[in-house]
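**Q** There's a structure below that I have some questions on.
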Amino acid sequence: MDKDQDRYDKMTYSRCGKSGLLLPKISLGLWHNFAGVDVYENSKDMVLKAFDLGITHFDLANNYGPPPGSAEETFGKILKQELSSYRDQMIITSKAGYLMWPGPYGEWGSRKYLISSCDQSLKRMGLDYVDIFYSHRPDPDTPLEETMMALDQIVRSGKALYAGISNYDPAQSQQAFDILRSLGTPCVVHQPSYSMFNRWVEDGLLDVLGKNGVGSVVFSPLYQGLLTDKYLKGIPEDSRAAKSHGFLQTSQITEEKIEKVKALNSIAQERGQKMSQLALCWVLRDPRVTSVIIGASKVSQIEDAVGILDNLELTSDELDRIEKILKT
Ligand SMILES: NC(=O)c1ccc[n+]([C@@H]2O[C@H](COP(=O)([O-])OP(=O)(O)OC[C@H]3O[C@@H](n4cnc5c(N)ncnc54)[C@H](OP(=O)(O)O)[C@@H]3O)[C@@H](O)[C@H]2O)c1
């Protein structure tokens, strides 16, 4: 890899809530395109390019694949082969919550599942610890105290440095923050979805985060690729929507959404940006959003994302025009 010590000058880092942790404005997620079914060289090139551009934060989960677990294996291989001397310069996360193995202990939020899953993730990545370990989703049938005590123990035992939650609604988040604070392991970060086409966090969650001094790293800021110029002329063969294992369903690509993207794309062009770049700037306009976790299938998409940093601010006129398009 490029031993570029200037990488940190290329990125902006923001404090995650009121914690001591600084995160890059752009983070890289390994949900798609880093698995056993993908081309290793491409996955490796994307991780190395991201790191060279100052992206220090890599987001994983136990189940990322297919097959589940293989994204962590790929990342572990890249770390071992290329980045072993950079561990202290990286923030690496994992999560447990979704189905990972058969039987009653392989998903949701029990102490049994979270602690076993964290151990498995560390083995797959060849790590002694992850920087953030998340409860990936709330479990309606396990007491929240049990799930939070498992996170607390994972941190206390040195298997993670910080605790986080993902996909919890505002009320569940407040309860989780209170429990974690009482245990002495304050929650540092929430990971919700957020994009121009998915604004649920504006309905209370961002307020709860702001009030509690908890940061947010938001996922699917491009609505899995729809908020780019990619689908303006149909569904390209190499797109997530065309892949059998991709999570973006063709039914989500509606005529109504494409019309909105076309209108938004004109604003992007006026700003000298790509549609994908405008969508990222828009999500980052709220100071309670610490970082956007992007996905990528090629190196150029990571370069596009980092390219927003010298043109991040949106004018109030641009924000009004965007709002009108989104609300029509
Ligand atoms: N906590 C959770 O429950 C949860 C859930 C989902 C995701 N996540 C995290 O969030 C990360 C990001 O999610 P996501 O992949 O859905 O994010 P996204 O940024 O909304 O979508 C990424 C996809 O958009 C397309 N794209 C990106 N840049 C582009 C560009 N410049 N031009 C055209 N197309 C572009 C690519 O798709 P193509 O393959 O079509 O090129 C890319 O794979 C995941 O990897 C994961 O770490 C967390």
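Read-outs: derived from the displayed coordinates by stated rules, not from any lab. No experiment lies behind these values; they were computed from the predicted model shown. Heads up, the Cβs are rebuilt from the backbone with ideal geometry, glycines too, and the neighbour counts pull from every protein chain shown.
**Q** Which ones in the range 81-108 are within 16 Å of the ligand (Cβ to nearest atom), under 18 Å from residue 69 (Cα atoms) and surrounded by 16 or more Cβ atoms within 10 Å (Cβ to Cβ)?
**A** Just the residues of the range 81-108 that are within 16 Å of the ligand (Cβ to nearest atom), to begin with: 90-100, 107-108.
When the remaining residues are screened for being under 18 Å from residue 69 (Cα atoms), the result is 92-100, 107-108.
Hits for the range 81-108 are 92, 93, 94, 95, 96, 97, 98, 100, 107, 108.
**Q** Working only within the range 168-195, note down all residues that are surrounded by 22 or more Cβ atoms within 10 Å (Cβ to Cβ) and either in contact (Cβ under 8 Å) with a residue 60 or more places away in the chain or within 13 Å of the ligand (Cβ to nearest atom) (or both).
**A** Filtering the range 168-195 down to residues surrounded by 22 or more Cβ atoms within 10 Å (Cβ to Cβ) leaves 168, 173, 176-177, 180, 187-192, 194.
Within the range 168-195, 168, 188, 189, 190, 191, 192, 194 meet the criteria.
**Q** Output the residues belonging to the range 84-143 that are of a type in the set (Val, Ile, Thr) and within 20 Å of residue 73 (Cα to Cα). Step through it out loud before you land on a result.
**A** Taking the range 84-143 and keeping what is of a type in the set (Val, Ile, Thr), we get 91-93, 115, 130, 132, 142.
Those that are of a type in the set (Val, Ile, Thr) and within 20 Å of residue 73 (Cα to Cα): 91, 92, 93, 115, 130, 132.
**Q** Same structure again: Out of (1) in contact with a Ser or Thr (Cβ under 6 Å, 6 or more places away or on another chain); (2) surrounded by fewer than 16 Cβ atoms within 10 Å (Cβ to Cβ), what's the single condition that is false for residue 303?
**A** Looking at each condition in turn, residue 303 falls short on (1).
**Q** Moving on. Can you spot a residue in the range 257-266 that is of a type in the set (Gly, Ala, Ser), near the ligand (Cβ under 10 Å from one of its atoms) and either touching a Lys or Arg at 6+ places or on another chain (Cβ under 7 Å) or part of a helix (DSSP H, G or I) (or both)? Quick ask: steps written out before the conclusion?
**A** Here is the first cut: in the range 257-266, the residues of a type in the set (Gly, Ala, Ser) are 263, 266.
When the remaining residues are screened for being near the ligand (Cβ under 10 Å from one of its atoms), the result is none.
No, the conditions are met nowhere in the range 257-266.
**Q** Considering only residues that are basic (Lys, Arg) and either in contact with a Gly (Cβ under 8 Å, 6 or more places away or on another chain) or not in a loop (DSSP other than H, G, I, E, B) (or both), which ones fall in the range 288-309?
**A** As a first pass, look at the range 288-309 and keep what is basic (Lys, Arg): 288, 298.
288 - this is the single residue of the range 288-309 that is basic (Lys, Arg) and either in contact with a Gly (Cβ under 8 Å, 6 or more places away or on another chain) or not in a loop (DSSP other than H, G, I, E, B) (or both).
**Q** Answer yes if at least one residue in the range 289-304 is within 11 Å of the ligand (Cβ to nearest atom), out of contact with any Phe, Trp or Tyr (no Cβ under 7 Å at 6 or more places or on another chain) and of a type in the set (Lys, Arg), and no otherwise.
**A** Here is the first cut: in the range 289-304, the residues within 11 Å of the ligand (Cβ to nearest atom) are 291-304.
Pick out the ones that are also out of contact with any Phe, Trp or Tyr (no Cβ under 7 Å at 6 or more places or on another chain) and you get 291-292, 294, 296-304.
With the extra rule that they be of a type in the set (Lys, Arg), the set shrinks to 298.
There is at least one residue in the range 289-304 that is within 11 Å of the ligand (Cβ to nearest atom), out of contact with any Phe, Trp or Tyr (no Cβ under 7 Å at 6 or more places or on another chain) and of a type in the set (Lys, Arg).
**Q** Give the range 267-277 a look and list any residue that's in contact (Cβ under 8 Å) with a residue 40 or more places away in the chain, of a type outside the set (S, T, N, Q) and either more than 8 Å from the ligand (Cβ to nearest atom) or not in a loop (DSSP other than H, G, I, E, B) (or both), or say none. Walk me through how you get there before you give the answer.
**A** First pass over the range 267-277, keeping only residues in contact (Cβ under 8 Å) with a residue 40 or more places away in the chain: 267, 271, 274-276.
Keeping just the survivors that are of a type outside the set (S, T, N, Q) gives 267, 271, 274-275.
The answer is 267, 271, 275.
**Q** Need a quick list: helices (runs of 4 or more DSSP H) entirely within the range 59-167 having at least 2 residues that are touching a residue at least 24 places away in the same chain (Cβ under 8 Å) and among the acidic types (Asp, Glu).
**A** Numbers: elements: 70-78, 111-125, 144-156.
Fully inside the range 59-167 and qualifying: 70-78, 144-156.
**Q** For the range 212-252: of the residues being near the ligand (Cβ under 7 Å from one of its atoms) and of a type in the set (D, E, K, R), which is surrounded by the fewest Cβ atoms within 10 Å (Cβ to Cβ)?
**A** The qualifying residue surrounded by the fewest Cβ atoms within 10 Å (Cβ to Cβ) is 238.
**Q** Within the range 247-266, count every residue that is without any contact (Cβ under 8 Å) to a residue 40 or more places away in the chain and either of a type in the set (Phe, Trp, Tyr) or over 18 Å from residue 314 (Cα atoms) (or both). Walk me through how you get there before you give the answer.
**A** First, pick out the residues of the range 247-266 that are without any contact (Cβ under 8 Å) to a residue 40 or more places away in the chain: 248-256, 258-259, 261-262, 265-266.
The next check asks that each one be either of a type in the set (Phe, Trp, Tyr) or over 18 Å from residue 314 (Cα atoms) (or both); those that pass are 248-256, 258-259, 262.
The number of residues fulfilling the criteria is 12.
**Q** Of the residues that make up the range 216-238, is at least one without any contact (Cβ under 8 Å) to a residue 60 or more places away in the chain, in a loop (DSSP other than H, G, I, E, B), in contact with a strand residue (DSSP E or B) (Cβ under 8 Å, 6 or more places away or on another chain) and within 24 Å of residue 60 (Cβ to Cβ)?
**A** Yes: one or more hits.
**Q** So for the range 179-202 (the condition being within 21 Å of residue 20 (Cα to Cα), assigned to a helix (DSSP H, G or I) and in contact with a strand residue (DSSP E or B) (Cβ under 7 Å, 6 or more places away or on another chain)), does at least one residue qualify?
**A** Within the range 179-202, one or more residues are within 21 Å of residue 20 (Cα to Cα), assigned to a helix (DSSP H, G or I) and in contact with a strand residue (DSSP E or B) (Cβ under 7 Å, 6 or more places away or on another chain).
**Q** Among (1) more than 26 Å from residue 322 (Cα to Cα); (2) surrounded by 15 or more Cβ atoms within 10 Å (Cβ to Cβ); (3) not small (Gly, Ala, Ser), where does residue 156 come up short?
**A** (2)
**Q** Of all residues being more than 21 Å from residue 80 (Cβ to Cβ) and free of Cβ contacts under 8 Å to residues at least 12 places away in the same chain in the range 19-46, which is farthest from the ligand (Cβ to nearest atom)? Just the residue, please.
**A** Among them, the one singled out is 20.
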